1. Of the residues that sit in the range 67-113 and are surrounded by fewer than 18 Cβ atoms within 10 Å (Cβ to Cβ) and aromatic (Phe, Trp, Tyr), which one is modelled with the lowest pLDDT?
2. On the basis of being surrounded by 14 or more Cβ atoms within 10 Å (Cβ to Cβ), touching a residue at least 12 places away in the same chain (Cβ under 8 Å) and assigned to a helix (DSSP H, G or I), does LEU48 make the cut?
3. Can you tell me which of (1) closer than 16 Å to ARG114 by Cα; (2) open to solvent by 40 Å² or more (accessible area, probe 1.4 Å); (3) in contact with a strand residue (DSSP E or B) (Cβ under 8 Å, 6 or more places away or on another chain) is the one ARG17 doesn't meet?
4. When ALA29 is evaluated against the numbered criteria (1) in contact (Cβ under 8 Å) with a residue 60 or more places away in the chain; (2) more than 16 Å from ALA101 (Cα to Cα); (3) of a type in the set (A, V, I, L, M), which criterion, by number, is the only one it fails?
Amino acid sequence: MLYVEHDDDNLYMLKTRLERHGGFEVLAAEDSERGCNLAVSERPDVILLDLEMPVVDRWEPVRTLKKDPRTRNIPIIGMSAYAEASEREKAIATGCDEFDAKPIEFESLLTTVRRVLGKPK
């Protein structure tokens, strides 16, 4: 799993929980460019992507990953504090396979990750 998140506290907290309680190996990137590079080099099974990254257009990393033949089939779960239905719709329309609202509810996120990976609960 690749987790792309610019907030150090969020990155540490969720990465730790996913590894300890979710049983995942988690690669971390603190910016979109590094996240896209890691996705190409490491080919994770799923990408958790903060949609509120500084500097770049919030949808650009999704577009970049979905255009690249090396990463286009990796499921992306977009995450945002904007929990309106329109945010979810925009995320899916842009290329995210799923969407989860922040603050993250851990069990719900695990269910979403397992669903996109096709794993049973």
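The values are calculated or read from the model by the stated rules, or taken from the named source; none is laboratory data. The structure displayed is predicted, hence computed values, not measured ones. Methodologically, a virtual Cβ is constructed for each residue, glycine included, from the backbone with ideal geometry; neighbour enumeration extends over all protein chains shown. The area values use the complete protein model at the heavy-atom level, side chains included, leaving out ligands, DNA and RNA. Shrake-Rupley method; radii C 1.70, N 1.55, O 1.52, S 1.80 Å.
1. Once the filter is applied, the top-ranked residue is TYR82.
2. On the way: surrounded by 14 or more Cβ atoms within 10 Å (Cβ to Cβ): yes; touching a residue at least 12 places away in the same chain (Cβ under 8 Å): yes; assigned to a helix (DSSP H, G or I): no.
No: the conditions fail for LEU48.
3. Just one mismatch for ARG17, condition (3).
4. Going through (1) in contact (Cβ under 8 Å) with a residue 60 or more places away in the chain; (2) more than 16 Å from ALA101 (Cα to Cα); (3) of a type in the set (A, V, I, L, M) one by one, ALA29 breaks only (1).
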